[in-house]
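Read the structure below first, then the notes.
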2 protein chains.
Amino acid sequence: MKRLQMMEQNRAKLIAAARKAFADKGYAAASMDEFTAAAGLTRGALYHNFGDKRGLLAAVVDQIDSEMAARAQAIGAKANDDWLGLLAEGAAYIEMALDPEVQRIVLLDGPAVLGDPSQWPSQSSCLQATTRTVDRLISDGVFKPVDPEAAARLLNGAALNAALWIAASSNPQEVLPKAIGAFQSLATGFLKNPI
Amino acid sequence: MKRLQMMEQNRAKLIAAARKAFADKGYAAASMDEFTAAAGLTRGALYHNFGDKRGLLAAVVDQIDSEMAARAQAIGAKANDDWLGLLAEGAAYIEMALDPEVQRIVLLDGPAVLGDPSQWPSQSSCLQATTRTVDRLISDGVFKPVDPEAAARLLNGAALNAALWIAASSNPQEVLPKAIGAFQSLATGFLKNPI
DNA sequence: AAATATCATATACAGTGCGTATGTCAAATT
DNA sequence: AATTTGACATACGCACTGTATATGATATTT
């Protein structure tokens with residue numbers, strides 16, 4: 001087998017194994033010997049490919065973030081209205097953040113180990129998508145002239161916290177609609193002409 | 001000296017030393033041997049008083065959270081209008097979260113190590129205060145009938161993320177007003193009769 | 001007040017995990 | 001075919017957490 005193929009395959013195996021371990025045990029408690037063995041490799045491969053444990057987390061976060069952005073984009077594209085698209089994206093983001101994997105890796109360990117999400121290499125695709133939508137809404141005169149990045153960060157932050165709240169609650173299914181309702185009320189604060 | 005006094009004093013010394021170490025190096029990188037020595041003690045005292053490293057972080061977080069709540073309450077009390085009080089509290093929260101100590105310990109490591117803030121023993125005093133204010137605003141017919149806890153969580157989450165954004169930015173002083181402006185726009189989304 | 005018990009802290013130890021330095025073997029190059 | 005490259009494995013050292021045991025000062029009891 002070609003060398004580059006082999007390497008790419010091993011990288012993928014390591015990311016997959018680490019993703020599972022990080023999700024199950026958390027970043028700190030995940031043993032590198034353990035999940036490299038699960039991938040049929042050793043730590044040697046890991047250090048060669050990712051530099052250190054942190055680098056591996058960055059790769060895992062990047063992968064999950066890409067998946068989330070793709071999903072959010074698909075949902076936003078369905079709505080042909082930017083405003084409704086934004087609301088739908090927000091709801092989708094809340095629901096995605098209910099996934100234990102997303103929560104543990106992207107929302108809890110990610111910021112603690114890698115720092116602020118907007119500074120990540122992946123640059124938080126989700127945030128970028130929201131910023132673009134807000135930008136359009138301001139240009140079209142639908143939104144008040146707030147700072148687009150600020151608005152996007154606040155909306156994402158609100159959604160993210162709502163998700164953490166839901167996930168920690170004893171009956172998520174009951175809390176979810178409350179959170180989405182509150183999120184959509186909140187978002188109307190940016191509208192020039194509230195409904 | 002009396003035994004209880006001594007113990008209380010040592011607890012305080014350990015919390016103070018840990019608080020500094022956690023803020024400077026982060027939870028994971030802070031060595032227990034190092035900061036217990038800085039407090040003139042050893043890990044023996046630590047394990048006796050707090051069980052483990054995590055327990056110590058919980059104590060530190062609790063202390064900082066209390067200080068934040070006291071400050072927020074003082075600011076909220078100044079305004080004799082609940083709505084303006086909420087806006088002022090939000091702004092204050094954003095500014096407090098600019099403190100590197102608050103950020104590193106409460107916003108980054110806290111959630112990663114201890115889990116969702118609303119489940120902490122201290123129960124996030126800040127969140128409770130906001131929830132009560134929102135509750136009053138709904139009773140008074142100023143706010144739409146949203147779920148009070150949901151509203152409080154979203155507002156706090158938005159403020160928190162705004163703070164992380166500001167702190168990571170290269171010129172915080174320029175970004176701060178943008179964030180506060182966006183926050184206040186956002187909050188009007190909860191108003192029954194927007195301004 | 002003296003003897004004993006208690007308990008807060010110190011000390012010593014074991015286990016584990018990360019990162020690095022070195023080795024090895026297959027694939028690529030010439 | 002010989003040589004070089006480099007992806008990965010192996011072996012080692014260091015640091016750190018948590019526990020088990022020791023100690024000595026304070027509290028209790030008689």
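Read the figures in this text as sums done on the coordinates, not as results from a lab. Just so we're clear, the structure is a prediction, and the values are computed from it rather than from any experiment. Cβ coordinates were reconstructed from backbone atoms using ideal geometry, including for glycine residues, and neighbour counts include every protein chain displayed.
For residue A:80, the distances from its label point to the matching points in the remaining copies are 5.5 nm, ordered from shortest, with each point set 7 Å beyond Cα toward Cβ. By how many degrees, 0 to 90 and rounded to 10, does the Cα axis of helix A:3-25 deviate from the longest principal axis of chain A? The helix A:3-25 is inclined about 70 degrees to chain A.
Under the simplified labelling scheme, the residue B:171-residue B:48 pair shows an inter-label distance of 5.4 nm, with each label point 7 Å from Cα along Cα→Cβ. With a simple spin-label model that places each label point 7 Å from the Cα along the Cα-to-Cβ direction, the separation between residue A:62 and residue B:16 comes to 4.5 nm.
Stokes-Einstein diffusion of segment A:1-51 at 10 °C, 1.306 mPa s viscosity, Kirkwood radius from Cα pairs, rounded to a whole number: 144 µm²/s. Across segment B:165-180, computed HN-Hα scalar couplings (Karplus, 6.51 cos²θ - 1.76 cosθ + 1.60, θ = phi - 60°) run 4, 4, 5, 7, 6, 6, 10, x, 5, 7, 7, 3, x, 4, 5, 5 Hz from first to last residue, x flagging Gly and Pro. Between the Cα long axis of helix B:53-78 and the first principal axis of chain B there is an angle of about 40°, rounded to the nearest 10. Percent of Cα-Cα pairs more than 19 Å apart in segment A:109-183, please. Value for segment A:109-183 (Cα pairs over 19 Å): 48 percent. Binning the C-alpha pair distances of segment A:23-122 at 10 Å intervals from 0 yields a P(r) profile of 14, 39, 29, 13, 5, 0 %, listed from the shortest bin outward. Counted over segment A:77-126 with a bin width of 5 Å, the fraction of Cα pairs per bin, in whole percents, is 4, 19, 19, 22, 17, 12, 5, 1. Summed over qualifying helices (DSSP H, 4 residues or more, each -39500 (n - 2.57)) and divided by its residue number, chain B shows a 222 nm mean residue ellipticity of -23000 deg cm²/dmol.
Using C-alpha pairs below 8 Å separated by at least 6 residues, the relative contact order for segment B:1-51 is 34 percent. For the pair residue B:3 and residue B:38, what calculated FRET efficiency results from E = 1/(1 + (r/R0)^6), where r is the Cβ-Cβ distance and R0 = 25 Å, to the nearest 0.05? So, using R0 = 25 Å, E works out to roughly 0.60. Over all orientations, chain A has a Cα convex hull whose mean projected area works out to 12.7 square nanometres. Amide H contacts under 5 Å for residue A:143: A:138, A:192, restricted to partners 5 or more places along the chain or on a different chain, H placed in the peptide plane at 1.01 Å from N.
Here, P(r) means the percent of Cα pairs in each 10 Å bin from 0 to the largest distance; for the protein assembly as shown it is 5, 22, 30, 24, 13, 5, 1, 0. Across the copies of the chain, residue A:100 has label points (7 Å from Cα along Cα→Cβ) spaced 3.7 nm apart, shortest distance listed first. Using 1/(1 + (r/R0)^6) with R0 = 22 angstrom and r between the beta carbons of residue B:135 and residue A:81, what's the FRET efficiency to the nearest 0.05? Taking R0 as 22 Å, the efficiency between residue B:135 and residue A:81 is 0.05.
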